[in-house]
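The values are calculated or read from the model by the stated rules, or taken from the named source; none is laboratory data. A quick note: this is a predicted structure, and the numbers were derived from the prediction, not measured. Virtual Cβ from ideal backbone geometry, glycine too; neighbours counted across all protein chains shown.
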């Protein structure tokens, strides 16, 4: 029986899609899920991306690099039952994060499952009106951080009772995404993470994500939304990924940390495409979690 051979390259060069400055035709207001957002112009730059499996001498951690590669076998296989995801998967993810980070409390607040090709959404968007909702979840080919610093505070306030949010905000807290493949190993659109130390504060661009209104999706609401970070290109950025990740492996991505003592506070990340991508759409799930260290000060 023939076995598949995968050529390991320590570094590959691939396009990373960065923020296109407003002065260059970009935008600082986006409408997630709409045709306009699917067709948004970006700045594509070829960057070296290192396979972290080949970095035998470096221990990647959330507090130093802003991300961490953590093998973890999961009980879930299909991710097709929303209630099971919000109970069994959330509980499993919270326990894993407590073990890895030493957090005293973890509150999963949302998740996202991606199961479609990027081209499928793009082609649908081309045939739609700009404000039409394109309900096709694909890998995100955009260098971003899920929340800005202000956006992170909004997530805290939106997902906990006011008194609890106020109390926990006085301790160290953060937001960490736990990302893993679904169904099989990743053979296209792998996830890349940027060493937080290589991304300067001046690289971050505040972008307001304005949420579509309820109803038929033909209009966009005004004011309802949250602030995220997009990232401008910097040649100093150091990008990493893990070749052919499996469902029994996770990438933990720090989106926010209240600590301002020099540890990693936020980590840019994006999917990217290579000339050896093959097979059906990449499937993945990311569970987004509020994480608290109640025995530590906020800053």
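Can you name every residue in the range 15-28 that is under 19 Å from residue 188 (Cβ atoms) and surrounded by 18 or more Cβ atoms within 10 Å (Cβ to Cβ)?
Restricting attention to the range 15-28, the residues satisfying the condition of being under 19 Å from residue 188 (Cβ atoms) are 15-17.
Those that are under 19 Å from residue 188 (Cβ atoms) and surrounded by 18 or more Cβ atoms within 10 Å (Cβ to Cβ): 16, 17.
Here residue 123 meets each of (1) buried (at least 17 other Cβ atoms within 10 Å of the Cβ); (2) part of a helix (DSSP H, G or I); (3) free of Cβ contacts under 8 Å to residues at least 60 places away in the same chain with one exception, condition (1). For the range 193-203, the set of residues classified as farther than 19 Å from residue 248 by Cβ and surrounded by 22 or more Cβ atoms within 10 Å (Cβ to Cβ) consists of 194, 196, 199, listed by residue number. Just to verify a result, which residue in the range 137-172, among those that are outside any loop (DSSP other than H, G, I, E, B) and in contact with a helix residue (DSSP H, G or I) (Cβ under 7 Å, 6 or more places away or on another chain), is nearest to residue 67 (Cα to Cα)? The selected residue is 156.
Could we say that residue 265 is closer than 30 Å to residue 294 by Cβ, part of a helix (DSSP H, G or I) and modelled with pLDDT of 95 or more here? Give the steps one after another, and end with the answer.
On the way: closer than 30 Å to residue 294 by Cβ: yes; part of a helix (DSSP H, G or I): no; modelled with pLDDT of 95 or more: yes.
No: the conditions fail for residue 265.
Scanning the range 280-299 for residues that are more than 19 Å from residue 176 (Cβ to Cβ) and either modelled with pLDDT under 95 or in contact with a helix residue (DSSP H, G or I) (Cβ under 9 Å, 6 or more places away or on another chain) (or both) turns up just one, 281.
In the range 6-19, how many are in a loop (DSSP other than H, G, I, E, B), more than 19 Å from the chain's Cα centre (by Cα) and within 20 Å of residue 235 (Cα to Cα)? Here the count works out to 1. Within the range 174-194, the set of residues being assigned to a loop (DSSP other than H, G, I, E, B) and touching a helix residue (DSSP H, G or I) at 6+ places or on another chain (Cβ under 9 Å) comprises just one member, 189.
Condition (residue is at pLDDT 95 or above and within 30 Å of residue 35 (Cβ to Cβ)) applied to the range 86-99: is it met by at least one residue? The answer is yes, given that some residue of the range 86-99 is at pLDDT 95 or above and within 30 Å of residue 35 (Cβ to Cβ).
Elements of the type strands (runs of 3 or more DSSP E) sitting completely within the range 29-118 and holding at least 3 residues that are surrounded by fewer than 17 Cβ atoms within 10 Å (Cβ to Cβ): these cover 43-51, 105-114.
Residues that are exposed (fewer than 15 other Cβ atoms within 10 Å of the Cβ) and free of Cβ contacts under 8 Å to residues at least 24 places away in the same chain within the range 126-157 comprise 127, 157, listed in sequence order. For residue 277, state whether it is out of contact with any helix residue (DSSP H, G or I) (no Cβ under 7 Å at 6 or more places or on another chain), assigned to a loop (DSSP other than H, G, I, E, B) and modelled with pLDDT under 95. Here the answer is no, as residue 277 does not meet what is asked.
Residue 100 passes every criterion in (1) under 21 Å from residue 296 (Cα atoms); (2) free of Cβ contacts under 8 Å to residues at least 40 places away in the same chain apart from (2).
In this structure, is residue 197 outside any helix (DSSP H, G or I) and modelled with pLDDT of 95 or more? Write out each step before concluding.
Values: outside any helix (DSSP H, G or I): no; modelled with pLDDT of 95 or more: yes.
When the stated conditions are applied, residue 197 does not pass them.
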